[in-house]
Structures are given as structure tokens and as C-alpha cells.
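What follows is a short report on a single structure.
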Amino acid sequence: MRFLLFSTLFLLAGALSAKVVAGDSKRGSELIKSQGCVNCHRIGGEGGSAGPDLGKARSRNYTPASMASAMWNHAPAMWSSMEKMGASKPRMSETQAGDLFAYFQSIRYFDKPGDAARGSRVFAASKCGECHGRASALFGGAPPIAAWKSVAAPIAFAQQMWNHYPQMEAAMAQRKIHWSALTSQELTDILVYVQGLPETRGMSREFSLVSDGRGEALFTEKGCLGCHQGSLDLKKRQVSGTVTDFATAMWNHAPSMAAVAKKFSKPYPRLEGTEMRDLMSYLWDQQLYAERGNATRGVKVFEKKNCVSCHTAGGTGPDLKSQLAARGGPVRSFSMMAVLWQHGPQMLEGMKAKKLAWPAFTEAEMSDLVAYLNSLQGGAKGAD
Ligand code: HEC
Ligand code: HEC
Ligand code: HEC
Ligand code: HEC
């Protein structure tokens, strides 16, 4: 009884105590230095070589869940190499895990690798280059790439494209150019192309998620809710997920948005300041992006990986259900990074004592586990 009480108090400051987590790439870039990650990993062109290069473009689609599972899978090896180097094991709060995640977003870790040469071709094929020169306007006052306010961050970029749609539409009509929908690979390629030009190189890249809850109101104010109900209710859709996918979805919307606005004699809904980011954060909170697990399968993962051996009535681990219910915001894959860095070493000891194997996860298992943990919070939030 005394132990239980103690552990409950202790856990109030646990890895999952943060309510809703915002992430900030600038803090994240500090973190990889202060936590010593760069001593062993190259990231963004600098760092050690004891661990794999984390900045390298991957040949596969890298998601937050695959990153969290990679970290879990490599953790025992990582810890023993830390012990050998005499480095202390970093502990990480969920806010810090969120910042780290935002940092990886900002270096486009989760996007399919883009290709500048392909981007240049898409830029031409989509006729962007008919109006936008690299250093000078070619038509209708279209700002040259060198003057674009945001090429460094996909969300800000999406906002610029979204806001300029009405003028772009007018210029397109004059030049008899058809507007083109883009795939998320194409937008990634365009971004890599415009970011790599001599005119824009060196702009710092940023990514942040906010948690001020303004997104929900915006979703109504900007007329999104008008369409997104019933079969288009985004909560019911399985959205595939990176930030660039979101940016692409927004670009592909612009014409129908403009048409709806015209039909109801309303102004086109421009997004100001951080509004695109607020909308993104809101949809993110709804687990629409990046998390695609299944809670029912997650129960099996929880059993198969021996989590139940401690997290059960009378076990040495805390009751996750009451802990998660008290938490508020959804659990994310990157929350599982905080869990790993805070509780992992102790968990590893416990597992060794019980002669249990350290759990390795596939990306899908990690997503399912996260969905299960969310369902413990009260059911409705489980992404499924
Ligand atoms: C003492 C050296 C060391 C430190 C410090 C370190 N790592 Fe690692 N890391 C490794 C090694 C070694 C591996 C590969 C382990 C293996 O092969 O199983 C690894 C693997 C990883 C992987 C999996 C990579 C992949 O895609 O397969 C991730 C992600 C990672 N580390 C992130 C981090 C982060 C974030 C930090 C800072 C909080 C950090 N590491 C600190 C040595 C380190
Ligand atoms: C027919 C001409 C035309 C075409 C084609 C065109 N644009 Fe534009 N674009 C414009 C104009 C005009 C503006 C500026 C509108 C304004 O000032 O509000 C603009 C603005 C922008 C901006 C905002 C720049 C800033 O100020 O930060 C971006 C980003 C952009 N366009 C990207 C693209 C991309 C990507 C494509 C191809 C998929 C494209 N445009 C195709 C005419 C065009
Ligand atoms: C005119 C109706 C309409 C309005 C208004 C509208 N949408 Fe959409 N939205 C759609 C349709 C149609 C789709 C595409 C669904 C599909 O792919 O089958 C879509 C898709 C999306 C997607 C991608 C979903 C997926 O399955 O990949 C997102 C995200 C989204 N909308 C967000 C918004 C936001 C944010 C707003 C407000 C700024 C908005 N929408 C306004 C009709 C609308
Ligand atoms: C050997 C026993 C043991 C095993 C096996 C185990 N845990 Fe734990 N777990 C613990 C203990 C003890 C704590 C609390 C430790 C602490 O506060 O540092 C904990 C804490 C946690 C927390 C943190 C709760 C919070 O709010 O901070 C989560 C989440 C968690 N475990 C999930 C899992 C998952 C998922 C698995 C299976 C992959 C697992 N655990 C396997 C013993 C275990």
C-alpha cells in the first residue's frame, strides 16, 4: 500500500504528465546538443559517428511511429554504448520529446526524400515557372522565388500558397494556364528545389505545433466545417500523414474553397499569422495526421511485448488506465520516446530480472500500441 501511494505520487511527474504537447524545432535543435545526441549521431551535417546518421534522407517513408520504434529497438545498444563512453543516459520529458520531434519535422526527416531535379521539372510542368522567376517576376506581379516569404517551412509555405490563390487564379485565367493539383511527393520535390536555389539557401527551417486550441474555432470560422461533416467528417477519415501531406491537401483545396466562397458571396478565407499552423495542430490533435494505429490490435501488442507482465493488477508497473485518464491530451508516438528515455533503463533492469526479452516494435505495432494507450483514456480518442 505504501509502495502504491509512493509510486502514484512519483508518477505525477512522469513521462506522460504533460497535457497537450506543443513542439518547437528551435528548442529541439538545442536539445540534440544538450542531450548529447550529436556526440554519436550526425544530424544536419554535424556530429559524431558512433550511431547512424539521423540527417540522411531515407529511402523509405519515415513516420513518427517508425522513429519511435527505431529508438525503442536500438535503446539497449544505445545505452550500452553510452555506458562505454561514460556518458549519462539522457532523460527526456514529453515536452522535450515534442521539441525533438518538431526538430526532426523541420529537417524533413519524416518526408519522403525529395529530389531537386524532379522538383524543377514539376515546377515547370505545373507552370509555376511561367509566372515565378527565380529572381524576377515573369508575369502578373508574381513574386520571384527569391522574394517568397517562406520556403523553409512547409506549413508557412502552404499558407502563402493558400492566401495567394485568388490572385493566382486571376493571373492563370489571363494566361490561360490550368491550375494543377499536386501530390505530396511533387510538393516535397518543389520544396527541395526552391530551398536549394542559391537565392534561398541558408534560410533557417522551422516547425512548430501549438496547443492553444484556437484551431477548432478556426475550423468553423474559415468555413471548413461547412463541407467537413457527414461523409467528409475528417474524424472519420483515415488520413495519411506527414506535414507535407497536409500542405498538399490545403493546396489542392484552394479552387473549391474559392468556388464555395464565390457561390455564397463571401470573401475567400485568407489565413493570417499562425492560422495555418493552428489548423494543422488542431487536426493533429484529432490524430488525423501521423498516427494510424488500431486499438484492438494494440491490446495484442501490449500482451505480446510483455507490457502486461508488470502493468497489471498487483504488478510492479503503475496502472496506466488511471494515469492516462488523468492526462488530458492524446498520447503520440513521440510520447513513447519520452516513456523510453524516462522509464526504459529501469524497465530494462526489470525485464532482465524476469528474464523477459526487451520489446522490439515494428512501426505498425508502435502505432497500434499508441492507439491502445489512447483508448485507455476513455475510448473515443483511439485513432482507428
Ligand atoms: C553514446 C552514443 C549515442 C548517443 C549519445 C545517442 N545515440 Fe542514438 N544510437 C546510438 C547507436 C550506437 C545506435 C544504433 C544502435 C543499434 O545499432 O542498435 C543509435 C540509434 C538511434 C536511432 C535509431 C536510428 C535508426 O533509424 O535506425 C535513433 C532514432 C536515435 N539513436 C536517436 C537518438 C537521440 C534522439 C539521441 C539523443 C537523445 C541519441 N540517439 C543519443 C548511439 C547513441
Ligand atoms: C499564372 C501565374 C501563376 C502561376 C502559374 C503560379 N503562380 Fe504562384 N503566384 C502568382 C501571383 C500573381 C502571386 C502573388 C499574388 C499576390 O500578390 O497576392 C503568386 C504567389 C505565390 C506564392 C506566395 C509567395 C509569397 O509572397 O510568399 C507562392 C508560394 C506561389 N505563388 C507558388 C506557386 C507554385 C508552387 C506554383 C505552381 C504550382 C505557382 N505559384 C503557380 C501567380 C502564379
Ligand atoms: C468545398 C468543400 C470543402 C471545404 C470548404 C473544405 N474542404 Fe477540406 N476537403 C474537401 C474535399 C472534397 C476533400 C477531399 C476528400 C477526398 O480526398 O476524398 C477534402 C480534404 C481535406 C483534407 C485531406 C483529407 C484526406 O483525406 O487526406 C484536409 C486536411 C482538409 N480537407 C482540411 C480542410 C480545412 C482545414 C478546411 C478549411 C480551411 C477545408 N478542408 C475546407 C472539401 C472541403
Ligand atoms: C519489468 C516491468 C515493466 C515492464 C515489462 C513494462 N513496464 Fe512500463 N513501467 C514500469 C514501471 C515500474 C514504471 C514506472 C517507472 C517510473 O516511474 O520510472 C513504468 C512506466 C510506464 C509508463 C509511464 C507512465 C507515465 O505516465 O509516466 C508507460 C506509458 C509504460 N510504462 C508503458 C509500458 C509499455 C508499453 C510496456 C511494454 C512495451 C511496458 N511499460 C513494460 C514497469 C514495466
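So, S49, is that one within 16 Å of ligand 2 (Cβ to nearest atom) and polar (S, T, N, Q) or not? Considered against the rule, which asks whether it is within 16 Å of ligand 2 (Cβ to nearest atom) and polar (S, T, N, Q), S49 comes out as no.
Could you say whether any residue in region 54-68 is closer than 25 Å to T242 by Cα, open to solvent by 50 Å² or more (accessible area, probe 1.4 Å) and without any contact (Cβ under 8 Å) to a residue 24 or more places away in the chain? Yes, region 54-68 contains at least one residue that is closer than 25 Å to T242 by Cα, open to solvent by 50 Å² or more (accessible area, probe 1.4 Å) and without any contact (Cβ under 8 Å) to a residue 24 or more places away in the chain. For region 195-218, the criterion of being out of contact with any strand residue (DSSP E or B) (no Cβ under 9 Å at 6 or more places or on another chain), in a helix (DSSP H, G or I) and closer than 22 Å to R108 by Cβ is satisfied by at least one residue.
Looking across region 69-105, the residues that are within 12 Å of P345 (Cα to Cα) and either in contact (Cβ under 8 Å) with a residue 60 or more places away in the chain or part of a loop (DSSP other than H, G, I, E, B) (or both) come down to W72, A75, P76, W79, S88, K89, P90, R91. Examine region 325-337 for a residue that is basic (K, R) and buried (at least 19 other Cβ atoms within 10 Å of the Cβ), and state whether such a residue exists. Within region 325-337, one or more residues are basic (K, R) and buried (at least 19 other Cβ atoms within 10 Å of the Cβ). Which residues, taken from region 129-160, are of a type in the set (A, V, I, L, M) and under 16 Å from V192 (Cα atoms)? Once the filter is applied, which keeps residues that are of a type in the set (A, V, I, L, M) and under 16 Å from V192 (Cα atoms), region 129-160 yields I145, A146, V151, A152, A153, I155, A156, A158.
Farther than 30 Å from A181 by Cβ and of a type in the set (S, T, Y): does that describe S120? Considered against the rule, which asks whether it is farther than 30 Å from A181 by Cβ and of a type in the set (S, T, Y), S120 comes out as no.
Residue-by-condition table, conditions (1) polar (S, T, N, Q); (2) open to solvent by less than 20 Å² (accessible area, probe 1.4 Å); (3) more than 16 Å from ligand 2 (Cβ to nearest atom); (4) modelled with pLDDT of 90 or more:
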position	(1), (2), (3), (4)
K266	no, no, yes, no
R270	no, no, no, yes
L279	no, yes, yes, no
Y282	no, no, yes, no
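For beta carbons closer than 8 Å, sequence separation of 6+ or different chains, a first residue in region 118-139 that is in a loop (DSSP other than H, G, I, E, B) and a second that is open to solvent by 50 Å² or more (accessible area, probe 1.4 Å), the qualifying pairs are S126/E186; K127/H178; R134/E199; A135/E199; L138/E130; F139/E130; F139/R175. Being touching a residue at least 40 places away in the same chain (Cβ under 8 Å) and open to solvent by 70 Å² or more (accessible area, probe 1.4 Å) is a description that does not apply to E169.
The values are calculated or read from the model by the stated rules, or taken from the named source; none is laboratory data. Fair warning: this is a prediction, and the values are worked out from it, not measured in the lab. Every residue, glycine among them, receives a Cβ derived from its backbone with ideal geometry; neighbour counts consider all protein chains shown. These area figures cover heavy atoms from the full protein model, side chains too; ligands, DNA and RNA do not enter into them. Shrake-Rupley method; radii C 1.70, N 1.55, O 1.52, S 1.80 Å.
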